[in-house]
1. For the subset of the stretch 70-87 comprising residues that are touching a residue at least 40 places away in the same chain (Cβ under 8 Å) and assigned to a strand (DSSP E or B), which member is most open to solvent (accessible area, probe 1.4 Å)?
2. Give me a count of the residues in the stretch 12-35 that are in a loop (DSSP other than H, G, I, E, B) and in contact with a Leu (Cβ under 8 Å, 6 or more places away or on another chain).
3. Determine if the stretch 54-73 includes at least one residue that is on the phi > 0 side of the Ramachandran plot and at pLDDT 95 or above.
4. When you scan the stretch 89-178 for helices (runs of 4 or more DSSP H) that lie fully inside it, which ones turn up with 2 or more residues that are more than 30 Å from GLU39 (Cβ to Cβ)?
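The values are calculated or read from the model by the stated rules, or taken from the named source; none is laboratory data. Just so we're clear, the structure is a prediction, and the values are computed from it rather than from any experiment. Cβ: placed from backbone, ideal geometry, glycine included. Neighbour counts: every protein chain shown. Each accessible area value is taken on the protein alone, full model and side chains, heavy atoms only, with ligands, DNA and RNA left out. Shrake-Rupley method; radii C 1.70, N 1.55, O 1.52, S 1.80 Å.
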Amino acid sequence: FDDTARRLLPREKPILCQPEDEERLRGDGFTDVRPVHDELTLGEITITRTGGRHGTGKTGEAMAPVSGFVLSAPEEPTVYIAGDTILCEYVRDTIAAHDPDVVVVNASAARFLGRAPIVMDADDVVELAALTPARIVAVHLDAVAHATETRADLRERLHGEGLSDRVAVPEDGSEVPL
């Protein structure tokens, strides 16, 4: 949710968010802010909030809260959007509890000042593929200045691991059939 989204989104549209972001979003003039504490229903879609870990050590402790979200609806694939997290117990527990059909992860091994990654790196994506038969979609690549792994890096690793058919690494603006 960047400055462009903040500027362009109609103020009356429903905005689902982490509880920590509610006050700021209302301060930005949004009138239908709906924090997802644990679970929220929007039409037939159930949105379940999950945790995550935005890095390790002092960097992880200094980062903002992490939320992932599981989206489920009758007769539709269950989608888990992991958010800004490394592979950790929260992700493993969510996969075990919800058995998603699709897992969307922020990859790129983004990091600050040479420290450990604050989102998943190629090792995490490969390990995640071993944990679940779900289709994995790796995003957040080539999109942030502090990324240290590119789409090409991840694709090469996935090809070497025989995972190219299970893990999608889409270009910006492209679609991934579910």
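1. Restricting to residues being touching a residue at least 40 places away in the same chain (Cβ under 8 Å) and assigned to a strand (DSSP E or B), the top hit is VAL79.
2. So the answer is 1.
3. no
4. Answer list for the stretch 89-178: 122-131, 151-161.
Each row is one residue, and each column tells you yes or no for (1) touching a residue at least 12 places away in the same chain (Cβ under 8 Å); (2) surrounded by fewer than 20 Cβ atoms within 10 Å (Cβ to Cβ); (3) touching a strand residue (DSSP E or B) at 6+ places or on another chain (Cβ under 9 Å).
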position	(1), (2), (3)
PRO10	no, yes, no
HIS54	yes, no, no
GLU61	no, yes, no
ARG92	yes, yes, no
ASP99	yes, yes, no
